[in-house]
Amino acid sequence: MKTARLFHPAWAVAAVAFVALVGAAGFRATPSVLLHPLHEEFGWPLATISAAVSVNLILYGLTAPFAAALMERFGIRRVVVAALLLVATGSGLTVFMNASWQLIACWGVLVGLGTGSMALAFVATVTGRWFVKRRGLVTGVLTAGGAAGQLVFLPVLANLVSAYDWKMAALVVSAAALLVVPLVVFFLREHPADLGLPLYGGTDVVRPRPLPGGAGGAAARALTGLRTAARTRAFWLLAGGFAICGATTNGLVGTHFIPAAHDHGVAETTAASLLALVGLFDIVGTIASGWLTDRVDSRLLLAGYYALRGLSLLVLPSLFADTTGPTMLVFIVFYGLDWVATVPPTVALCREHFGDRGPVVFGWVFASHQIGAAIAATGAGLVRDRLGEYTMAWYVAGLLALGAAVLSLLLRRREPVPEPVVEPVPESAVGGSRAWRLRPTDG
């Protein structure tokens, strides 16, 4: 008689993934705290420092689809451990730099590659591999890990910079990345079939088909996923909207909100706390978005999120002042609820349109997110250097977000693509031997 399992290991895997994502978000948030300290110590223009952030954002995005494919080939655990070691190395080496190209190499390349391997394609891989039921909700919770990372790290790092210097902040990030490694090694399991269990909410024990060809096979899978998806209208609409999403979050607000507030006389520690509040309310907004994604048309959710974000960014320039008033706090709450609420419906739409290729395709859609973020990070820095203020950058971002709402509404409704599942056929049906057949799942 089989004993009922009260706790499915999928929840433990999701918890470890959440911790890794919290760290990855904190590592990515650090440059916004370092912009002015690096400018004051080295005299580098903000546009130059922003260029390092842009390289980080681009690699963060472009790494994601290959990381998703590498996770399928070599396992989640190995890829995430390697990513954490890259982050620790890149952040730690910055304390020895004396030229701007070294900032680009450390924070841009090493940290970009590391955090990119723990990007939102990692979320799609974990939820697709471990969950049938509650996929939308778990996607929302894991995505909220990004906001939690911002919440935990930004005020701490800002206070470290204020009390010591930027080097202490960089070393703390490096140490934090190393501390996550043991958790990943011991608790991040690869697949429920390794434990003889079905996915959470599933009924059959399913072992994924191995990918041939090592790293080359994983890279080929990522590129094949892009070629296949790029032939569809849905991919370009999703990628275009998500590029604007990146421009209006990580690229602009995530990178330049603290310097913009500083321009209006707000202390950096106060501005960092406000940005951390965005992260706090984003936890609520993204989890709610995951819950809604299980119940509401994802196209309508995306259109609503982008429209509300655009309106809030158009209002933001009038809210900056040397003291934090109630209207700025209203913006923080409103904008925070919408920060990355776009992720659960976007993941769902990738799965709806591309089936079992969904995680890899989402990796490429996410790459467009980071390309948009990189353009906005450098572009806003140039606007600030040339015009002496950020106002134009906020207005352009607001209008782009309204355009993303239109792109979302242009997506056509499509029934989910069935995913192949391997199901054992009873021995009695095949004369005593064990055979396997493919059937579509309703998950």
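The values are calculated or read from the model by the stated rules, or taken from the named source; none is laboratory data. Owing to the predicted nature of the structure, the values given are computational and were not obtained by experimental measurement. We place every Cβ from the backbone using ideal geometry, glycine too, and count neighbours over all the protein chains shown. To get the accessible areas, we keep the full protein, side chains included, count just its heavy atoms, and leave off ligands, DNA and RNA. Shrake-Rupley method; radii C 1.70, N 1.55, O 1.52, S 1.80 Å.
Could you give me the ³J(HN,Hα) list for the range 262-275, computed from phi with Karplus coefficients 6.51, -1.76, 1.60 and θ = phi - 60°, whole Hz, x at Gly and Pro?
Going residue by residue, I get 4, 4, 9, x, 8, 4, 4, 5, 5, 4, 5, 5, 5, 5 Hz, with x marking Gly and Pro.
Could you give each residue of the range 298-305 its phi-based ³J(HN,Hα) in whole Hz, using Karplus coefficients 6.51, -1.76, 1.60 with θ = phi - 60°, and x for Gly or Pro?
The phi angles translate into 4, 5, 5, 4, 4, 4, x, 4 Hz.
Kindly state, to the nearest 0.05, the FRET efficiency for Glu389 paired with Arg295, given R0 = 41 Å and r defined as their beta-carbon distance.
0.45
Determine the relative contact order of the chain: mean sequence separation of Cα pairs under 8 Å and six or more apart, normalised by residue count, in whole percent.
Computed value for the chain: 24 percent relative contact order.
Can you give the convex hull volume per residue for the Cα atoms of the range 33-132, as a whole number of Å³?
Dividing the Cα hull volume of the range 33-132 by its residue count gives 91 Å³.
Carbon and sulfur together cover what percent of the accessible area of the chain at a 1.4 Å probe radius?
Carbon and sulfur: 66 percent of the exposed surface of the chain.
Just from its helices, what would the mean residue ellipticity at 222 nm be for the chain, if runs of 4 or more DSSP H residues each count -39500 (n - 2.57) and the sum is divided by every residue, rounded to the nearest 500 deg cm²/dmol?
Calculated mean residue ellipticity at 222 nm is -23500 deg cm²/dmol.
May I ask you to evaluate 6.51 cos²θ - 1.76 cosθ + 1.60, the Karplus curve with θ = phi - 60°, for each residue of the range 397-411 and list the ³J(HN,Hα) values in order in whole Hz, giving x for glycine and proline?
4, x, 5, 4, 4, 5, x, 5, 4, 5, 4, 5, 6, 7, 5
Could you list the trypsin sites (Lys or Arg not before Pro) in the range 293-367 that lie in coil according to DSSP, counting only those with at most 15 other Cβ atoms within 10 Å of their Cβ?
Passing both the DSSP loop test and the Cβ count: Arg295.
Out of residues 5 or more away from Tyr200 or on other chains, whose amide H comes under 5 Å of its own, with H placed 1.01 Å from N in the peptide plane?
For Tyr200, the qualifying residues are Phe131, Val132.
Using C-alpha positions alone, give me the convex hull volume of the range 217-290 per residue in cubic angstrom.
That works out to 137 Å³ per residue.
Whole number in Å², please: accessible area per residue of the range 1-93, 1.4 Å probe, ligands, DNA and RNA not counted.
Per-residue value: 39 Å².
Students often get this wrong: which residues of the range 115-131 have the backbone nitrogen under 14 Å from the point 7 angstrom along Cα-to-C-beta of Thr224?
Of the residues in the range 115-131, none has backbone N under 14 Å from the label point off Thr224.
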